[in-house]
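Values in this text are rule-based calculations from the coordinates and carry no lab data. Worth saying up front: this structure is predicted, and the values here are computed from it rather than measured. Because the Cβ atoms are built from the backbone with ideal geometry, glycine has one as well, and the counts that use them run over all protein chains shown.
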Amino acid sequence: MIGKTALRKTMRETLSGMPEADLREKSLEIGRRLASSREFAEAASILAYVSLPGEPETRGIIKKALRLKKAVYAPKVEGNSICVCRLHGLEGLKPGRFGICEPPGEARCGVHEFGIVLVPGLAFDPQGRRLGRGGGFYDRLLSEASGEFAALAFDEQVVARVPTAAHDVRVDRIFTDKRVIECRKS
């Protein structure tokens, strides 16, 4: 089985080789699939990351959730952990410690229950295992959160098996540009 470092390298190469127009179109389809899902419709609150270039775009889904009057939160790095801030719009987002756009305002670490939690990653497998960027920050946040864990991924990011460690948190569903994968957590 391929290791985490090699899989990260492969996924970064795959994503960087995809044309920008394809990424935009695939992101729109992923957003449509998520927005039409039961999980999204029923969620009163959402924890949504602000996407980086090369990731499925999340700003559209954040805007839709805000228009629907859902409580939307986004992660913010505080020291060695990730806390969350309530989002009221996309204005004022600024790159944080790792270059990821974060909301303004004071982060709260006590918010843990969400209707749906959008989970970033470089690779996913059908059992819900995910490969993050390597810092373990998001896994720490996920280990303290509850809700429906939903990955947004280009179909090219779904692989047969993702290597994992004991602290890695799995997702419940993967929304891609081609399908929705119900993950078996066995």
Note to self: C-alpha centroids of segment 1-71 and segment 88-127 sit apart, in Å, by 12 Å
Label segment 16-123 by shape, choosing from rounded, prolate and oblate, from the square roots a ≥ b ≥ c of the eigenvalues of the Cα gyration tensor; if a/c is under 1.5 it is rounded, and otherwise prolate applies when a/b is larger than b/c, oblate when it is not.
oblate
Which of LYS70/LYS94; LYS4/LYS64; LYS94/LYS178; LYS4/LYS63; LYS26/LYS64; LYS9/LYS63 have a Cα-Cα distance over 25 Å?
LYS4/LYS64; LYS94/LYS178; LYS4/LYS63; LYS9/LYS63
Highest mean first, what order results for 71-81, 32-42, 148-158, 9-19 on Cβ atoms within 10 Å?
148-158, 71-81, 32-42, 9-19
Compute the Cα gyration tensor for segment 58-186, then decide on rounded, prolate or oblate, letting a ≥ b ≥ c be the square roots of its eigenvalues: rounded whenever a/c is under 1.5, prolate when a/b is larger than b/c in the other cases, and oblate in all that remain.
prolate
Per-residue counts of other Cβ atoms within 10 Å, averaged by peptide: what ranking do you get for 163-176, 117-130, highest first?
117-130, 163-176
Determine the dipole magnitude for segment 4-182: charges of +1 sit on the beta-carbon of Lys and Arg, -1 on that of Asp and Glu, nothing else is charged, the reference point is the Cα centre, and the result goes in debye to the nearest 20.
120 debye
Full-extension gain in nm, ARG59 to ARG161, via 0.36 nm per residue minus C-alpha separation
33.8 nm
Given a cut-off of under 8 Å on Cα pairs at least six residues apart, what relative contact order in percent is computed for the chain?
22 percent
Before rounding to the nearest 500, sum -39500 (n - 2.57) across all DSSP H runs of length at least 4 in the chain and divide by the residue total; then give [θ] at 222 nm in deg cm²/dmol.
-8000 deg cm²/dmol
Report, for segment 4-182, the % of DSSP beta bridges that are antiparallel, rounded to 5.
50 percent
